[in-house]
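K.L.:
Mind having a look at this structure? Questions to follow.
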Amino acid sequence: MYQDIESAPRAELERIQRDRLRETVRHVYDSVDFYRDRLDDAGVSPADIETISDITTLPFTGKEHFESQYPDGLFAGSDEDLTRIQASSGTTGKQKLVAYTDDDLRVWREVMARSLAAAGIEPADTFQNAYGYGLFTGGLGFHDGVEELGATVVPTGGGNTALQLELLRDLDVDALGCTPSYCLYLAEAADERDIDVRGLPLSTVVIGAEPFTDPMRAEIEDALDVTAVDMYGLSELIGPGVAVECAEAQDGLHLWEDHFYPEIVDPETGEPLPEGERGELVLTSLTKEALPVLRYRTGDVTSLTYEACECGRTSARIENIRGRVDDLLIVRGVNVYASSIEEVLVEIDDVAPHYRIDLYRDGSLDTMELTVERHADADRSREALHDLIERRLTEILNVTVDDLSVVPSGEIDRQETGKVRRVFDHR
Ligand code: DLL
C-alpha cells in the first residue's frame with residue numbers, strides 16, 4: 001500500500017474526518033464571504049460541528065455557485081498564497097476556475113500517486129499520459145502523480161494519435177492514461193495502420209474523466225490486451241485522484257476519505273440516502289486551502305459502500321459512475337438516462353460503441369433522434385440491426401425513438417481530444 005492511512009481502522013479515519021471538517025468549516029467561515037453568508041443563513045457556526053454527522057447541517061454548494069462567484073469568489077486566502085489555477089473542462093455552462101496553494105498541490109500529487117499505485121502502476125513503469133494538458137486537470141494531475149510515485153512519465157497529452165502509437169511501441173510503455181473514448185479510438189487507429197497493439201508490453205490503462213459501460217471496458221481490454229482501471233475525480237474538489245479502483249478487486253472505486261468526505265443524496269430532495277442506494281454524490285473537501293468546498297453537489301450518479309474490500313483498504317467505495325443527474329432525458333414522458341440507452345446499445349454485438357443522441361422540441365413534446373454505428377464486421381444487415389435496436393429500446397427502457405439511423409462504421413465523428421460528447425440538446 002502506498003500510504004498507511006489507506007488501511008487505517010474506520011474509527012481512526014472518522015476521527016481524522018471530524019477534526020478536518022471542523023478546520024475546514026472554520027477556514028471557510030473566516031476567509032470566504034460566500035460561505036460565511038450561507039452558514040449564517042443556515043444558522044450554523046463553526047463551533048457547532050462536534051461530530052462528522054453534523055455535516056448534514058451544512059448548506060450544499062452547487063455548480064450555480066461556481067457560476068455566480070466566477071472567477072474567484074470561492075477562493076480562500078490572498079493571491080500571494082496561490083500557486084496554480086486550472087479549470088473544469090466545462091462541457092456545459094461556463095468554465096469553473098479552481099485554485100491551489102503549494103500544500104494543495106502536494107496533497108494532489110499524493111492522492112494521485114496513491115491512486116496510481118492502487119491501480120497497479122509501479123515505480124519501474126513507463127506511463128504515457130494522453131490526458132490533455134493545459135487548464136484541464138487530467139494532464140497535469142496525472143503528470144505530477146506519476147512523478148511523485150517515481151515512475152517515468154511520457155507527457156504526450158491528448159490527440160496526435162500516430163505519435164501516441166509510435167511511442168507506445170518504441171518506449172515499451174507499460175501503462176497509459178486516457179479517456180475510455182480515446183482508448184477505443186487509439187485501438188481503431190492502430191487497426192487501420194496494421195499495428196498489433198495487443199502484442200505491445202502495455203498492460204494497464206487508467207481510464208476516467210467520462211462515463212463508460214462494462215461492455216465498452218471489455219472492448220478496450222480486448223482490443224489492447226490490457227486491464228482498464230477506472231479513476232474518478234473532478235476539478236472542483238482537486239482533479240483526478242478522488243477515487244480509484246484497486247487492481248486486486250476492481251470492485252468499486254476507493255474514495256480517499258481522509259481528504260474528501262462522501263455522501264449520497266436524493267437528487268430531487270437533497271435528503272441523505274442509505275448505504276448502497278443510488279443517488280447524487282456530494283463531496284466535502286477536508287484538507288483544501290485555496291478552494292475548500294462544503295457539500296458539493298457533483299451531479300454524478302453512484303452509490304456508496306463501506307464493506308471491507310479484499311485488498312485491505314478500509315475506505316468507502318463508490319460504484320462506477322454511469323451518468324449524471326442532468327443526463328436524465330424525458331422523451332415522450334418517459335424518463336431515461338443517456339447511459340441506459342448506451343447500455344442497451346453496447347449489449348448488441350453488431351453495434352459499434354459510437355452513437356449520438358439529438359434532442360429536439362416539437363411544440364410541447366421532446367423528440368429524440370438516435371444515430372448508431374454498425375460494427376465493421378457485423379453479421380446483421382443495417383435493416384435487421386435497426387429493427388433489433390428499436391425492439392430492445394422499447395422492451396428494456398420503454399423508449400420509442402422518433403428517428404433511428406444505423407450508419408456504416410466510421411461515420412460518426414471521432415473526437416481525438418477532450419471529453420466525448422454524445423448528447424446534443426437542441427431544445
Ligand atoms: O475529468 C478529472 C479527471 C481527469 C478524472 C482524468 C479522471 C481522469 P473535470 O473536467 O472537472 O475533471 O470533470 C469532472 O467528469 O464530475 C464526472 O461527471 C466526470 N468523470 C470524471 N471521472 C469519471 C469517471 C476530470 N471515472 C467530471 N467515470 C465528473 C465517469 C467521470 N465520469
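K.L.:
Looking at segment 280-289, can you tell me whether even one residue there is polar (S, T, N, Q) and part of a loop (DSSP other than H, G, I, E, B)?
P.N.:
Yes, there is a match, as at least one residue in segment 280-289 is polar (S, T, N, Q) and part of a loop (DSSP other than H, G, I, E, B).
Quick grid of which residues meet (1) buried (at least 19 other Cβ atoms within 10 Å of the Cβ); (2) under 25 Å from V111 (Cβ atoms); (3) within 11 Å of the ligand (Cβ to nearest atom):
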position	(1), (2), (3)
P201	no, no, no
A209	yes, yes, yes
A223	no, no, no
V226	yes, yes, no
D230	yes, yes, yes
P262	yes, yes, no
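K.L.:
Need pairs with beta-carbon distance below 9 Å; first residue of a type in the set (D, E) and within segment 210-223, second part of a helix (DSSP H, G or I) and within 11 Å of the ligand (Cβ to nearest atom); sequence gap 6+ or separate chains.
P.N.:
Listed pairs, sorted by first residue: E210/P180.
K.L.:
Now a separate question. State whether the residues of segment 124-135 include one that is in contact with a strand residue (DSSP E or B) (Cβ under 6 Å, 6 or more places away or on another chain), away from the ligand (no atom under 16 Å from the Cβ) and in the same structural domain as C309 (by TED's automatic domain parsing).
P.N.:
Within segment 124-135, one or more residues are in contact with a strand residue (DSSP E or B) (Cβ under 6 Å, 6 or more places away or on another chain), away from the ligand (no atom under 16 Å from the Cβ) and in the same structural domain as C309 (by TED's automatic domain parsing).
K.L.:
Just the residues that are within 20 Å of the chain's Cα centre (by Cα) and at pLDDT 95 or above, please, taken from segment 187-216.
P.N.:
Listed by number, the residues that qualify are T204, V205, V206, I207, G208, A209.
K.L.:
Exactly one condition in (1) assigned to a helix (DSSP H, G or I); (2) in contact with an Asp or Glu (Cβ under 6 Å, 6 or more places away or on another chain) is false for E395; which is it?
P.N.:
(2)
K.L.:
With respect to the numbered conditions (1) touching a residue at least 60 places away in the same chain (Cβ under 8 Å); (2) away from the ligand (no atom under 15 Å from the Cβ); (3) over 18 Å from R414 (Cβ atoms); (4) of a type outside the set (K, R), which one is the sole condition not fulfilled by Y185?
P.N.:
With (1) touching a residue at least 60 places away in the same chain (Cβ under 8 Å); (2) away from the ligand (no atom under 15 Å from the Cβ); (3) over 18 Å from R414 (Cβ atoms); (4) of a type outside the set (K, R) applied to Y185, the lone miss is (3).
K.L.:
Across segment 41-59, what is the total count of residues that are under 23 Å from V265 (Cβ atoms) and part of a helix (DSSP H, G or I)?
P.N.:
10
The values are calculated or read from the model by the stated rules, or taken from the named source; none is laboratory data. Just so you know, these numbers come straight off a predicted model, no measurement behind them. In this analysis, Cβ positions are derived from the backbone assuming ideal geometry, glycine residues included, and neighbour counts consider all displayed protein chains.
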